[in-house]
Amino acid sequence: MRGTCSVPIIFFGDGAASRTEVHEGMNQADVFDAPIVIRSRKQRLLTAKMLSSTSKSILRNVRSVLTAGSDTREALVAMVADFGRREVAPGAAARDDGAPFPHDLWMRMAALGFHGLAVPPEYGGVGADMPTVCAVARAFGRAGRDFGLGLSWLSSMYVASVPLIELGTDEQIARTVPRLVAGQAIGSQAITEPHAGSDVGAIRTRAVEDADGWVLSGSKIFITNAPIADVFLVLAVTDPEAGRRGHTLFLVERDTPGLEVGAPMRKMGNHSSLTAEVFLDNVRLGPDALLGTRGRGFYDFLGSASSERLVLTALTLGVLEACVETAVAYAREREQFGRPIADFQAMRVKIADMRIAISAASALIATAAERVAAGEDALLDIGAAKVFVSEAAVVQTLEAMQILGGYGYMREYELERLFRDLKLMTVGGGTNEIHRDMIARMVLAERTGVA
Ligand SMILES: Cc1cc2nc3c(=O)[nH]c(=O)nc-3n(C[C@H](O)[C@H](O)[C@H](O)COP(=O)(O)OP(=O)(O)OC[C@H]3O[C@@H](n4cnc5c(N)ncnc54)[C@H](O)[C@@H]3O)c2cc1C
C-alpha cells in the first residue's frame with residue numbers, strides 16, 4: 001500500500017526461471033537489485049527477515065497516509081486497486097489451474113503493509129478502521145480477481161493477528177503478531193471438525209491440563225491456510241461438563257510435535273487458498289499456550305469470526321463487481337442480429353438487476369462497517385450483509401455468464417472461475433441458513449434496532 005509514500009519499490013519475481021531464487025546469505029540489497037523468486041515457506045521466512053526494516057518504514061508511511069485527511073481512504077483504495085490489477089490479477093487463472101501458493105506475492109503484500117492493515121500501530125500495523133478495511137478488501141477483489149488469495153490474506157489477519165491482539169498476553173503478542181504482519185508467518189484458525197460444523201458447540205478436540213501445561217488431541221477439517229500456516233488458533237474442550245462455556249482457544253505453533261497437516265483438499269474453487277485437515281495427536285503445550293480466558297473460547301471465536309465475515313463479504317462484493325464489469329463490457333461489444341446485445345431488453349434487465357444488487361450490497365456492508373467502527377452491536381447487520389451479498393454474488397455471476405453466452409462457459413473470460421470461488425461464501429463464515437436463523441432470533445427478541 002505505497003501510493004504516495006517514497007520508499008523503495010520491491011520487485012518480486014513471478015516464478016519465471018530466469019529470476020534469482022531467494023537463498024541463505026542474500027541481503028536486503030540483493031532483494032532490491034534484482035527480481036527474486038520466493039517459492040517456499042523457507043524462502044518466505046528468509047525474505048521477511050531481510051525486509052523487516054523496509055516494511056516498518058512502509059508501514060509508517062501508510063499510517064501517515066491514513067491519518068492525513070478525509071480522502072485518505074480513497075487514496076488507499078486507489079493504491080490497492082493498482083496493486084490488484086498489476087500484481088494479483090495476472091496470475092489468478094494460473095493459480096486456479098494449480099500453480100503453487102504465491103509466497104512471493106504474499107511477501108510483496110507484506111512489504112506494502114497488507115498483513116498489518118487491521119493491526120493497530122502499537123503492534124506494528126496500519127490501524128485501519130473497519131470501513132477502510134472493507135473498502136480495501138472490495139478494491140482487492142474487484143481489481144485482483146482472485147477471491148482465494150484475498151481469503152487467505154484476510155483470514156490470516158482476522159483469525160490470527162486480530163484475535164491475538166484482543167486476547168493474547170504481551171508475550172504471546174510479541175511472539176506472533178510481528179511475524180504475521182511481516183509475512184514471516186501465516187495464520188490459521190482451526191474450529192470445524194468432521195462432525196461439528198455449524199454446531200461448533202459439539203467439537204470434541206480435547207485439551208487436558210497436567211502439571212506441565214496442556215495436551216491436545218483431536219482433528220479439524222476445512223482449515224483455511226493450514227498447509228502454509230505457521231500459527232494456529234485451535235478451539236478445544238477444556239471442561240466437558242460446561243458445554244460451550246467449557247471451550248478454550250489455544251495458540252499452537254506449526255512445528256509443535258504431534259501437529260500434522262493433511263494434504264490440500266481438492267475444492268470446487270478458491271484454489272489459491274489452501275485448505276486442509278489438521279490432526280492433533282497428544283500435542284504438548286505449555287501453560288502459556290492458552291489464549292484468552294479458559295472457558296471463553298467459544299465466545300471469543302464468535303467475535304473474531306464476525307469481523308472476518310464482514311471483510312470477506314466486502315471482498316465478495318469486489319469480485320462480483322469484476323464479473324459485472326466483464327458482462328457489461330461484453331454486452332456493449334457483442335453484436336447479434338446487427339445490434340449490440342446490450343440493446344435487447346432481456347440483457348438490459350440483467351444489467352439493471354446487477355447494478356441494483358451492487359448498490360444494495362454496498363449499502364449493507366457500509367452500515368455494518370460503520371456500526372463496527374462506532375463500537376455498536378453489529379451482529380445482525382453483518383449477518384444480513386453476508387447473506388445478501390453471498391447470494392447476490394452467486395445469482396448475478398451466473399447472470400453475467402449468461403450475458404456472455406457460450407463464451408461465459410469458457411475459462412478465458414474467467415466468469416466460471418469467479419463463480420466457483422464466490423459460491424463458497426454461502427457456506428463459509430457460517431452458512432446462510434445459520435445466519436438467517438440468528439437474524440430471526442434477534443428480530444423475535446426485538447434486538448433489531450428497527451422500529
Ligand atoms: C473452503 C472452506 C474453508 C473453510 N475454512 C475454515 C477455517 O479456516 N476454519 C474453520 O474452523 N472452518 C472452516 N471452514 C468450515 C466452515 O466454517 C463450515 O463448512 C461451515 O461452518 C458449515 O459446516 P459444515 O460444512 O459442517 O456443514 P453442516 O453444519 O453440516 O451443515 C450442512 C447443512 O445443514 C444446514 N444446517 C445445519 N444446522 C442447521 C440449523 N440449525 N438450521 C438450519 N440449517 C442447518 C447448513 O446450513 C447446511 O446447509 C471452511 C469451509 C470451507 C468450505
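The figures follow:
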| item | result |
| --- | --- |
| Förster-model FRET efficiency, 25 Å R0, A363 and L444, C-beta, rounded to 0.05 | 0.55 |
| Most to least packed among 195-203, 234-242, 272-280, 315-323 [average Cβ atoms within 10 Å] | 315-323, 272-280, 234-242, 195-203 |
| Inter-label distance for E412 and D377, nm, one decimal - labels placed 7 Å from Cα along Cα-to-Cβ | 5.4 |
| Two-decimal log10 I(q)/I(0) for the stretch 112-225, as the Debye equation yields it once each C-alpha is a single scatterer, q = 0.10, 0.14, 0.16, 0.19 Å⁻¹ | -0.37, -0.70, -0.87, -1.08 |
| Kirkwood hydrodynamic radius (C-alpha pairs) into Stokes-Einstein, the stretch 189-298, 4 °C and 1.567 mPa s, D in µm²/s | 93 |
| Using a Förster distance of 30 Å, the FRET efficiency for E433-S217 (Cβ separation, nearest 0.05) | 0.45 |
| Principal axis box of the stretch 304-444, alpha-carbon based, largest edge first, Å | 55, 26, 24 |
| Among W106, L290, G116 - extreme Cα towards positive end, dipole of the chain, charges at beta-carbon | W106 |
| Cβ-placed point charges (K, R +1; D, E -1), dipole of the chain about Cα centre in debye, nearest 20 | 640 |
| Length gained when the stretch K267-D199 is fully extended (0.36 nm per residue, less Cα-Cα span) | 22.3 nm |
| For the chain, radius of gyration divided by Kirkwood radius, i.e. Rg to Rh on alpha-carbons | 0.97 |
| Cleavage-rule hits, trypsin sites (Lys or Arg not before Pro), the stretch 113-158, DSSP coil, Cβ neighbours within 10 Å at most 10 | none |
| Under-29-angstrom lysine pairs by C-alpha in the chain, whenever the two are 8 or more apart or on separate chains | 11 |
| Debye log10 I(q)/I(0) for the stretch 227-354, one point scatterer per Cα, at q = 0.13, 0.17, 0.20, 0.22 Å⁻¹ | -0.74, -1.01, -1.21, -1.28 |
| Per-peptide average of other Cβ atoms within 10 Å, ordering 207-216, 394-403 highest first | 394-403, 207-216 |
| Top positive-direction residue, dipole computed over the chain with Cβ charges, set C323, P194, L364 | C323 |
| 17 Å tail of the calculated P(r), the stretch 109-175, as % of Cα pairs | 40 |
| Inter-site label distance for E166 and A352 at 7 Å from Cα along Cβ, in nm | 4.2 |
| Additional length obtainable on full extension of the chain from E335 to D239, 0.36 nm per residue less Cα span | 27.9 nm |
| Relative contact order (%) - the chain, alpha-carbon pairs under 8 angstrom, separation at least six | 14 |
| Extension gain (nm, one decimal) between A78 and T293, 0.36 nm per residue minus Cα-Cα | 73.4 nm |
| Cα convex hull of the stretch 82-134, projected area averaged across orientations, nm² | 4.3 |
| Estimated 222 nm signal from helices in the chain, with DSSP H stretches of n ≥ 4 weighted -39500 (n - 2.57), rounded to 500 | -16000 deg cm²/dmol |
| Reciprocal mean inverse distance between Cα atoms of the stretch 183-247 - Kirkwood radius, Å | 12.7 |
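Every number here is computed from the coordinates shown, using simple stated rules; none is lab data. The structure displayed is predicted, hence computed values, not measured ones. Cβ atoms come from the backbone with ideal geometry, glycine included; neighbour counts cover every protein chain shown.
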